[in-house]
Structures are given as structure tokens and as C-alpha cells.
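Data block below; observations after.
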Amino acid sequence: MSAPGESGREALNRVWAQPRGWRYFSEVNNTAVGLWYLAAGLGFFAVAGVLALLMRLQLAWPWMGFLGPEAYNQVFTMHGTIMMVVFAVPIMEAVAVYVLPQMLGVRDLPFPRLSSYGFWCYLLGGLLLLSSFLFGPVPNGGWFMYTPLSGPEYTPGLNTDFWLLGLTFIEISAVAACIELIVGIMKTRAPGMSLDRMPILGWAFLTVAVMILFAFPPLLLGDVLLEAERVLDWPFFDAGRGGDPLLWQHLFWFFGHPEVYIIFLPGAAMVSTILPTFCGRPLVGHQWVVVATIATGILSFGLWVHHMFAAGIPLLSLSLFSAASMAVAIPSGIQVFAWLATLWGARPRWDTPFLFVIGFLVIFVIGGLTGVMVASVPFDWQVTDTHFVVAHFHYVLIGGAIFPLFGALTYWFPLPSGRLMDETVGKWSFWLMFVGFNVTFFPLHVLGLLGMPRRVYTYPGGLGWEWLNLTATIGAFVLGAGVAVFFANLAWSWKRGRPAGHDPWKAGTLEWAGPTPLTDSGGASVPRVRSLHPLWDQPAEMAAAARGEALMCRPTTHGRETLRVSAVSAEPQQVIQVSGPGWSQVAAAAATAVMFGAGTFHLWGVAAAGGVVTLALLTRWAWHSDRQPPMARVDIGQGIVVPTYAADHSSHAWWAAVVAVLFDGAAYLALLSAYVFLWLVNPVWPPPPWEGRIALGDILAGGGMLAVAAVLAHAGAGLHRRGRHWALPAGLGGAVAVAVAVAWTGLSTLTAADLGPTRHAFPATVWVMALYTLVHLGVATLLALLVLARQAAGLVTPVRRMTVMMTVLAWDFAAFTGLASMAMLVLWPATGGGGGICTW
Amino acid sequence: MRMAVILIAAAVLAGCDEIPPEHRVAGGDAGAGRRTVADIGCAACHQVPGVAGPAGMVGPPLKGFGRRAMIAGVAANRPEALVRWLLDPPAMAPGTAMPDLGLTEAQARDVAAFLYTLR
Amino acid sequence: MLQSALRTATPQAESLAGLWWLMLGLSVAVFAVVMALLAAGLLMPRRPPPGERVIMVGVGVTVVVLGGLLVHSTLVGARVAAGTDGDPLRVEVVGRQWWWEVRYPQDGAVLANEIRLPAGRPVEIALISGDVIHSFWVPGLAGKMDLVPGHPNLLRITPAEPGVFRGQCGEYCGTQHALMAFMVVVQPPADFARWLVGQGEPAAEPADGLAARGRALFLSSGCGACHTVRGTAADGRVGPDLTHVGSRLTIGAGILPQNVGTLGGWIANSQAIKPGNAMPVFDQFSGGELRAIATWLAGLE
């Protein structure tokens, strides 16, 4: 345990100490990774901001020759892509990774190495995307990458591929963040922080993580289908071969619309955090704001078609999406009213974070009002794809996310630095940004109404657009100056700012419980929480906790550990050992980058090598996971004794596995939806050449075998749990054998049926469905082999069986996708007129 | 307003030079000439300072036209010759690609006056 | 303000503009109230916060306003989409990278980047994509409607009175999306009928020797591989039909006025004017040759 004579605090400092020098980057703890994440995000923000200034220069006057059409198109594509997916979503994840553990009163989130892997993938992915400026084929199809423009015929270069490459990495880091945040928020909070005592920021990130869980998979599927069309000529989006360009729009906007709220909800939660602090009173209507946050998350999935109002979709369906788009204004309204009520007669302190909050309110209300306007279908017919919409979403996104974010950066700056940002410079940066922002974007509303479309590199004179554009360009440079001043303030104050001391803003939440800057261990002990604002309501207890007199004031299992609690009432359930510094996540991210980067250049050999190395590193990582400390139960203080290991459905690891499968399942559901969508747009489905190509018997046999594989895995795992050690190799080995047989017969059946995926979207989709299941059978097989190897090494026992549970889940999911795909193939076309793919 | 910026731009481009007496076009209105240049699309072939338009690369850019010695290499750069050129270029240089654009005499005078502001 | 959504010439666009003014009024009112509450809340002397009931009141008001707006907007949308009764003129518009082909199928007329319509008669514009997704947008006449491969769309408008309107592609469609514009000329019915008959006819014979030389050069230089001039051997389908190019207001998809000068400049070096467009640079002609071709084309009225 601890060295002789070592105090609890010394032991904590020793196990949580961050490595020095270049080894610092082997750190996985949230206080380090969160900072890198923030720094990288702000770096990408600066790059995309400069791109915006280039665009505004080109548009300052008609027929400017500053950027040519191709350069402009690349610049606006990269501006949008970087801002939306390489800056906005990751920076919110970064804030969550950095601040949430402190705010929830825990030492770390449950999967620090996973978070760290996510960060490195993100950084490398963003840099690879930017590297297209060096190689030449900069993405130029817009951040929405509409097919067929982005497809192989109209963009034969690697431009689209670079975009897909960058997005793949963002997807990886988003999955990592989504698992970490959902499990972290639900399972690692200070004891007593029941859900009703959880700060709004926790609710917002929980909502956002669940949104990522369901919004990102359809985009991932879309990416895969688009890359398959580009590289393999599988025509999912080619109207001439049974595909449909609108399929891409549905997949993209099912991601793209929730994405906007994924950015906005954390921004709003930052406001709900900062505003009560500066008003010195709790947020009025806390529960209302929680409900509004969740409602926004749900409604945001019902809005995606409002990006397609002009696509010719029947008016009746448009009206439903119009209604949903207007309805989402209601939860936003709830939040605005809650903030106004909190401010009412509060005589707040006007420090910089609060200024940013007020700036947010003014700008966001305007963006919300124009949001209601564009939710009106007929009005949107006029302004969609014009500068009116550019104005609208910059009001919502800069107003709704950047202003709160900059306020929050100022607010939380003392946590890592121990210092306050300079107030005078901070106020300058705010006013420059606020004035510059409005001068830039307000005129764009008018420009849109005067007929100026978006995404145009130039425009003729005489249409009344000149002066408004010139004004906007001047405003953009003022806004840019404001951002530059803010960045300078960050850099200057990091070492030279006024020392912040303890709780400089007199806040009520746990991240301010200890001294600033934060210690590596994240606090001398973990307090028991009895209020939404522990620092306001239980000051004595918090002071005691800061002195190390509460729970977990010494490491009990030799290593870094955090406390797992029950999801709703936050009662202690387990001490979890979490990872410490190491390089495997960095190496795995680098290998992943080699795999996808080489694949982009069609260097298949290098890509395959990268894939093998990635797999090996992940296997090694998995080998060392599922740790079982030698002491079964430990005393964490105040007489609370909890286990150090658990392999049941309340375990954080199980939750993580379920979240991962839900993500995967959402991608699979998107695939089935794509199949149904293509069935709806094609007059005959399947097209005549593929009618009756596969014998029903073959399908039934395949389905039967899949079910057998899953049952074998279950039986083996179940018997093993009851002490029959032989059952695990028997069950999993049998499942693997059946999987090999399924793969063999499946592939030969599909090959014999001559499906020809390049000829039509139908066979291409069938192939993707088949490959989906085959890949998952492959993953399940690898997991089974890993579990058997671990069993042979003594790392899997009837008690230590979390990896067994996860492996069985993988078999269940693989079998489920196969059975569902087969059912779809057999049943759906058969009921849709025309013959099915099966001979009955 | 719009005129103001164009005049400022023209003034900057012209290095604030006064237009010399030999380039004063009787009855020519430079402002009207500039509008005519924009309206008939001279930018299809020429880059014209002070007139927003595409960067035509067929004929010579007209920057500094007021300081050029020759018109199309065939005539001394004087108002009467310029007006005559604008009215019917092939009459002065049969091999030229520049067509008779159908300008009226008054329009040609305005355009000439405008061209001499480009110094 | 050729392209303003607020200078309208059809009942459809007028409904949309009306919706805008209504929503603008509502928004200004809401904004003023919220800002007044914000300012009052910030400036008033210290007092305890109001209860959660104020949120309920706010939500109630929001729901009522939004509900009313939704109903009104849906009704406007249905009315606009339905068009007006009457015997419609059918026009087909094909969007291509980066120009518009316009056909009057009943009259055999084909032209580019210009649509003429009779005042007072309903029009059905069939919107077809020739390559990628475009969006047809004449703000003064109607809202946008996309041209999606595999999904022909139909736009119904009723131009009320004569006038000239500019339209432009509304969906990003590649390099020259910015310069994919067109003109719409609404004419008195009689003028329109005369124009349409003319557009259906083959190209006029050259008026003089220069034009005749131009026609010969046009045909011998391979221009006909991409362009059609009805009445000559030129029957290409890649670029715009030039049979009556001299009657059009603009060239290059609405970016330059059409005249003998701009035609010559376009032919000689269209890549400087509209980089990336499908027409190569034709810089092999002598000055006289270029002038001859441009003169012939400008004469094709």
C-alpha cells in the first residue's frame, strides 16, 4: 500500500504525480489530457478563423481577385469542417474531460487511457486533414459534402478522401468521449451526488454524449458508403444505378443537425454554471433547465429534414419537420427565461466571464428568432443556402457556443494555472468580439434577403450587395482582433496573471473545493455531497474534505483509483483502479493514423501494416485491462467498505461495453434505414436481375448457424461462471468454428448469386449488410481468442469475467445483425411488390 | 457613396495626378463613361481599374491608360483618336480583334474621358 | 435589386415576402421584450429572484405564438406550392455545371441562361439535374427548388407583370457555383408569343460577309462539337444552344452583357472570366477571325 511513514496525501501525490519532461505526454489523467485537448481545439479554431478572414477579404467587394474559385471553395469547405467537427465538438469534449471530474468530485473518469487515445486520434486526424493543404487535394465539396458532387465522377481527386479521413478520426475520438462521458457521469460521482444534485453541466454533457451515440453512427455509415462508392464504385448515391443522392443528405443531416445542439447544449450549460456564480444565487428553475436540456437533445433528432426543405420532399412531411424545428425553440425559451429570472435583481458582478454570458444572451436570442424564421418551410425556400442562413447559424453557434466557451475559459482558467486572466484585457477582448461579431453577421441577414447565396467566391456589382459585404469584412477583422486579444490574454496570464487563490469567483460547485491550481490527484479527499451547491451549503464539510478528512484520502489499491457509485443515488459501489501514464494509447493512435492515412493514398500495403500494428497494440491494451486488485474489499474512510472488483451489470466496464454496442447498433440501424430508403426510391426492389437469386434454405441455414454460435457462446460463459472451466473453450471455440462456417457459406452463397455490387445499389447494399455481420463475427472471434488466451494465462476466472461478458455481448450483436439483415432481405422486398431476392 | 469610393480608388490608382490638358475630352463625363464601361462589359477582355468585373485577359489591361503613348499601337494617344478608336476600332486597325461596339459619339466621349482618369 | 426576395412579381413570392415581414415584426417585438427584461433585471435594486412560475408563463406565451406561426406558415406553404389555376405554360430547366439549359418543349425552342415568361399566365417549371445537385432560385419570383439527379421537381409560379429578374444557383455545385446565374424576362403575352416563335426557328442567315466568314470559322474550328446552332451542321449538346444567342441579355450564365465585344472576349479566353468552366481557351484566331465569329454570333437574334 503506502510506503512506511508516508501520509495519505503523500501517497496520493506519488501515485497521481504527472511525469516530467517529454514523458509528460504519456500521461492519461484528465487534467493533462483535457488541457492538451483544449489547446489543440483552440489551435484548430485559430486556423479556421484565419480561413474565415480570407473568405471575408475575397467577398469584400464584387469580383475581387484575392482567392480564385477553387481556392475559395477549399477555404470555405475547410472553414466549415474544421469549425464544426475539428473544433466545436472536440472542444466541448475537452471541457468535459478537463472540468467534469472536478465538478463531479472524482479523481478521474473511469477510462483515462481511452480518453487519451481519443485525444491523440483527434489531434492526428485534424493534422492529417490540414495536411491536405500541403499535398494539394484540399477538400472542396463543402462541409456537408453532398453527393454526387463529392462522388468519384465529379471529384476524382483525393479531396473528398481527405475529408473522409479527417472525419473518421473525429468519429473515433467522439466514440471514446461518448463512452467516457456517459459512463463517467452515470457511474463516477462524489458519494451523495444523486442525479437531482448533479450540476447542469453534467446533465448537458450526459445529453450530448447520448446524442453523439446516436447522431455520429449514421455519418460513419455515410462515410463508409461514400468511400466505397469512390474507391470500389459501389453506387449508393448514383441515381443512374439505383442509388440516390438524397440518401447522403439524410445520413449527413441526421448527424449534422444534432451536431449543432451537441455544440450548443454545453455552451448553454456553461451559461447556467457561470451565471448563478456571478449572481450569487442558485439557478431559478434548475429542474426546468434539466428537462429543457434533455428535451432539446431528443427534439434535435427530429429536425434533420429542415436542411432539405427545397429538395422537393412532399409538403406534408416538411410540415412535421417544420413543427419540430419550431418546437425546439420551446426548451431554448425555457433556458432563456430561467436565466432572466436568475438575473432578476441579482446585482451581479461584471467580471469578464459574466460579460460573455450577457453577450451570449443578446446574440443567442437573435439567432433563436431567425431560427424560428427558417423553421418556416415557405420562408426557408427563400433564404436557405443564402447569407441569411450564414448569419443565422453564426448567431446561434458563435453566440451560443463561442461566447459561453470564452466566458468559461476565463472562468475556469485558475484551475490549471492558479491565476486569473487579466480583467482589463478580458473586457477589451469581449467588446471587440461583441461589436465585431454583430458588424460582421448582422448585414448578412439583409444580404440573404437581397438574394446573395452562400458558398459563392464572388458576385457581380449592381445587386445592392457591395456595401453590406464591405461592412461585414471590416467587422470580421474586428472580431478577429477580439479573438487575438483573448488568446494573448490567455498566454500572458498563464504565468503572469494575478494569483487566484481559493474559489476566486465564490462559486458553489465542487471544482472549486480545493486550492488552485489543481493538484495532480484532484483533491486531498472526496467529499460526501448533500446539495446542488456544496460549497455554498456545506462549507465546513468541504473545507474538511480539502484537508483530506473525507473519503478516499489515501490510495487503497496501490495505484490510481476513482470511486464508482450507483447511477441514480450515487452510493459508493466500488473502488476502480484506473490507468496511469504509458505510451500504448499514443502508439495505437499513431498506428491508426498510418492505417487510415496510407489508405487515403491507396497505399494498401502500408495501410494493412498499420492495421495489424493497431490491432496488436489494442490487444496488448486489452490484455492489461480488467484488473483485479489483490485486496477484495477496501475501507475508503468513514467506515465505508467497498469491493475493488465487480463483473456484473452495474460495473462501469459493462456500461462501457453496452454504450459501444449501442453506437454500433445505431450504425447498423442506419444501414437498415438506408436499405429501406433505397427500396422506397426504386420502383422495383430488388431489381429484376436479382430476383430469386438466393435459395431461402441457404438463408435459413445461415441464420440458424448464427443463432447456434450465439447460444454456444452463452452456454460456455454460463457454465464457466458456475465453475466449469472447460466450458469456456468449448463454448467459445464452438462459436468460432460455427462463425467460420457461416462466413464460408455466406461468402460462397453471395458470390454464387453473382450480386455484382458495382452494377446497382441493391447488390451493393446487400454486400454491405453481409460484410457488416462478417466483420462483427471477426471481432467476436478475436475477442473469443483473447479471452481464451487470458484464461490460459489465469487472467480469466469465474469471478474475474468481465471480458467474458463483453465477448458474449459481441457474439450476441454479431448474430443479431446477421439475423436482422436476413429477415430484412427475405421479408421486406417480398411484401413490397415484385419478387424477393429469395426463391421460396 | 459608391461614386465616392470609386473616385477614391481611381485617385489612388492614378497616383493623384492631375489629368493633363492634352487629355481633356470635350463634353466627356468620366463618371458616365465608367458606367458605360461596366454596362457593356469591357471586362470581358480588359482589366479596368475602378470597374469591378472579371479579370479579362484578351486585350491589354487598362491600368495607366492615361499615361500610354499609343492607342493599340496605331495612333497617338489623344482624345480625338481615342474617340474615333472607340467608335470603330477596325477602321483604324483592320486586324484588331476589338469590334465596333455600337457606341454613340457621346458615349465614346464619356468612355474616353474615363480612360484618361486611369493614370 | 434585380435579385431581391423583397421585390416580388408573383403572388407566390409575395406570400413569402409577406411571411417575412410578419415574422420580422414578431421577432422585433420578442427581442425588444427580452432585452427590456434583461436590462431591467440587471439594473434594478437587489431583490429575491422570482419563482419558477415565470418560466411557465414564458413557455405558455412561446407555445401560443409558435403554434399560430406554424399554422400560418403551413397554410402559406400549401398555397404557394399549389400555384394558381389556369392553363400552365410548361418550361423545362436543366441545371448543368455551371449553366442552365432552358427548353420550351411544346415549341421546340432551346436556349440557355435566360427564361422568358408571359405575364399573367401560370407557369410550371420542370427542374432536372444534368449532373450534380443545383437549386433554381429567382428570389423575385419564387423560393428555391433543388434539381436533384433522379428526382425531377416541379415549380409553379404565376408572374404578374412584365419585368426583368435575376436568378442564381442556390445549391453549391462545384468550382463555378458562384457564376451560375440567369435572367428571367417577364413580357406582355403578345411579345412573349412573338419571341417564342422566333426562338423555335433555325438560325438566321449571315447578314454580311464578315458574319458569313464568322459562320464558316465557327463550323471549321470544331465549335459544333459542343454547341448547337439549328440550321447549321453544329449539333453539339455539351454547351449552350447558340441558335439565337444574339437575342439574349447575357453570356457566361448571367455574368456579362451579351454583345459582339463580350462574345469575342469569352471565345478568346473564357477561362480568365470564369475559371474552370467547360469551354477551352480559343486563342488561335487572328483578331479579324475572332471579330468575325463574334459578329456572326451577335447577329443570331
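The values are calculated or read from the model by the stated rules, or taken from the named source; none is laboratory data. Just so we're clear, the structure is a prediction, and the values are computed from it rather than from any experiment. All Cβ positions, even for glycine, are placed from backbone atoms using ideal geometry, and neighbour counts span all protein chains on display.
Inspect all residues belonging to segment A:113-127 and state whether any of them is not basic (Lys, Arg) and not in a helix (DSSP H, G or I).
We begin by selecting, within segment A:113-127, every residue not basic (Lys, Arg); these are A:114-127.
Of the ones still in play, those that are also not in a helix (DSSP H, G or I) are none.
No; the residues of segment A:113-127 include none that is not basic (Lys, Arg) and not in a helix (DSSP H, G or I).
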Filtered residue count, segment C:249-301, keeping only those that are within 11 Å of chain B (Cβ to nearest Cβ), over 18 Å from C:Ala203 (Cβ atoms) and either part of a helix (DSSP H, G or I) or in contact with an Asp or Glu (Cβ under 8 Å, 6 or more places away or on another chain) (or both): 19
Segment C:61-78, subset surrounded by fewer than 16 Cβ atoms within 10 Å (Cβ to Cβ) and within 26 Å of the chain's Cα centre (by Cα), residue nearest to the other protein chains (Cβ to nearest Cβ): C:Ala78
Matching residues, segment A:300-319, being more than 10 Å from every other protein chain (Cβ to nearest Cβ) and surrounded by fewer than 20 Cβ atoms within 10 Å (Cβ to Cβ): A:Phe301, A:Gly302, A:Ser317
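For segment A:716-743, enumerate the residues that are among the basic types (Lys, Arg) and either exposed (fewer than 15 other Cβ atoms within 10 Å of the Cβ) or not in a helix (DSSP H, G or I) (or both).
Within segment A:716-743, the first condition is being among the basic types (Lys, Arg), and the residues that meet it are A:721-722, A:724.
Across segment A:716-743, the qualifying residues are A:Arg722, A:Arg724.
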Test for A:Arg554: is it under 30 Å from A:Gln628 (Cα atoms) and in a loop (DSSP other than H, G, I, E, B): yes
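Looking only at segment C:145-165, filter to residues that are more than 7 Å from every other protein chain (Cβ to nearest Cβ) and in contact with a Phe, Trp or Tyr (Cβ under 8 Å, 6 or more places away or on another chain); which one of those is nearest to A:Trp63 (Cα to Cα)?
Just the residues of segment C:145-165 that are more than 7 Å from every other protein chain (Cβ to nearest Cβ), to begin with: C:147, C:152, C:154-165.
Restricting the remaining residues to those that are in contact with a Phe, Trp or Tyr (Cβ under 8 Å, 6 or more places away or on another chain) gives C:147, C:155.
Values: C:Leu147: 27, C:Leu155: 31 Å.
Among those that are more than 7 Å from every other protein chain (Cβ to nearest Cβ) and in contact with a Phe, Trp or Tyr (Cβ under 8 Å, 6 or more places away or on another chain), it is C:Leu147.
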Filter result for A:Ala190 (farther than 24 Å from A:Val594 by Cα and outside any helix (DSSP H, G or I)): yes
Test: residue in segment A:607-618 that is touching a residue at least 24 places away in the same chain (Cβ under 8 Å), of a type in the set (Ser, Thr, Tyr) and under 24 Å from A:Arg790 (Cα atoms): yes
Selection within segment A:342-357 - crowded, with 24+ Cβ neighbours inside 10 Å and either at the interface with chain C (Cβ under 7 Å from one of its Cβ atoms) or under 22 Å from A:His392 (Cα atoms) (or both): A:Thr342, A:Leu343, A:Phe356, A:Val357
Residue satisfying condition, being modelled with pLDDT under 95 and assigned by TED's automatic domain parsing to the domain that holds A:Gly49, within set A:Gly400, A:Gly359, A:Gly371, A:Gly418: A:Gly400
Output for segment C:1-28, where each listed residue is outside any loop (DSSP other than H, G, I, E, B) and hydrophobic (A, V, I, L, M, F, W, C): C:Ala13, C:Leu16, C:Ala17, C:Leu19, C:Trp20, C:Trp21, C:Leu22, C:Met23, C:Leu24, C:Leu26, C:Val28
Residue within segment A:135-154 that is of a type in the set (Asp, Glu), outside any loop (DSSP other than H, G, I, E, B) and out of contact with any strand residue (DSSP E or B) (no Cβ under 8 Å at 6 or more places or on another chain) present: no
Hey, A:Ala587 within 23 Å of the chain's Cα centre (by Cα) and closer than 18 Å to A:Thr168 by Cα or not: yes
Any hit, segment C:219-240, residues being in a strand (DSSP E or B), crowded, with 21+ Cβ neighbours inside 10 Å and either not assigned by TED's automatic domain parsing to the domain that holds C:Ala292 or not β-branched (Val, Ile, Thr) (or both): no
Enumeration of residues in segment C:64-77 that are of a type in the set (Val, Ile, Thr) and under 12 Å from A:Val372 (Cα atoms): C:Val65
Pair list, Cβ < 9 Å and 6+ apart or interchain, from segment A:332-361 residues that are on the phi < 0 side of the Ramachandran plot to residues that are acidic (Asp, Glu): A:Ala338/C:Glu52; A:Ala341/C:Glu52; A:Asp351/A:Glu423; A:Thr352/A:Asp422; A:Thr352/A:Glu423
Members of segment B:54-72 that are more than 11 Å from the chain's Cα centre (by Cα) and either facing chain C (nearest Cβ under 7 Å) or on the phi < 0 side of the Ramachandran plot (or both): B:Pro54, B:Ala55, B:Gly56, B:Met57, B:Val58, B:Gly59, B:Pro60, B:Arg67, B:Arg68, B:Ala69, B:Met70
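With within 14 Å of chain C (Cβ to nearest Cβ) and either within 32 Å of the chain's Cα centre (by Cα) or buried (at least 19 other Cβ atoms within 10 Å of the Cβ) (or both) as the only criterion, which of A:Met421, A:Met433, A:Met452 stands out? Talk me through it step by step, then tell me what you get.
Details: A:Met421 fails: within 14 Å of chain C (Cβ to nearest Cβ); A:Met433 fails: within 14 Å of chain C (Cβ to nearest Cβ).
Answer to the selection: A:Met452.
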Residue in segment C:171-184 that is exposed (fewer than 15 other Cβ atoms within 10 Å of the Cβ) and either among the aliphatic types (A, V, I, L, M) or without any contact (Cβ under 8 Å) to a residue 60 or more places away in the chain (or both) present: no
Test result for C:Ala39, touching a residue at least 12 places away in the same chain (Cβ under 8 Å) and more than 7 Å from chain A (Cβ to nearest Cβ): no
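Might you check whether a residue that is more than 15 Å from A:Leu672 (Cβ to Cβ) and modelled with pLDDT under 95 occurs anywhere in segment A:773-793? Full working, then the answer.
Keep residues of segment A:773-793 that are more than 15 Å from A:Leu672 (Cβ to Cβ), which gives A:774-775, A:777-793.
With the extra rule that they be modelled with pLDDT under 95, the set shrinks to none.
Looking through segment A:773-793, none of the residues is more than 15 Å from A:Leu672 (Cβ to Cβ) and modelled with pLDDT under 95.
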Check on A:Gly43, part of a helix (DSSP H, G or I), away from chain B (no Cβ under 14 Å) and out of contact with any helix residue (DSSP H, G or I) (no Cβ under 8 Å at 6 or more places or on another chain): yes
Where a residue in segment C:1-26 is farther than 19 Å from C:Leu155 by Cβ and its partner, wherever it lies, is part of a helix (DSSP H, G or I) and small (Gly, Ala, Ser), with Cβ under 6 Å and at least six apart: C:Leu6/C:Ala17
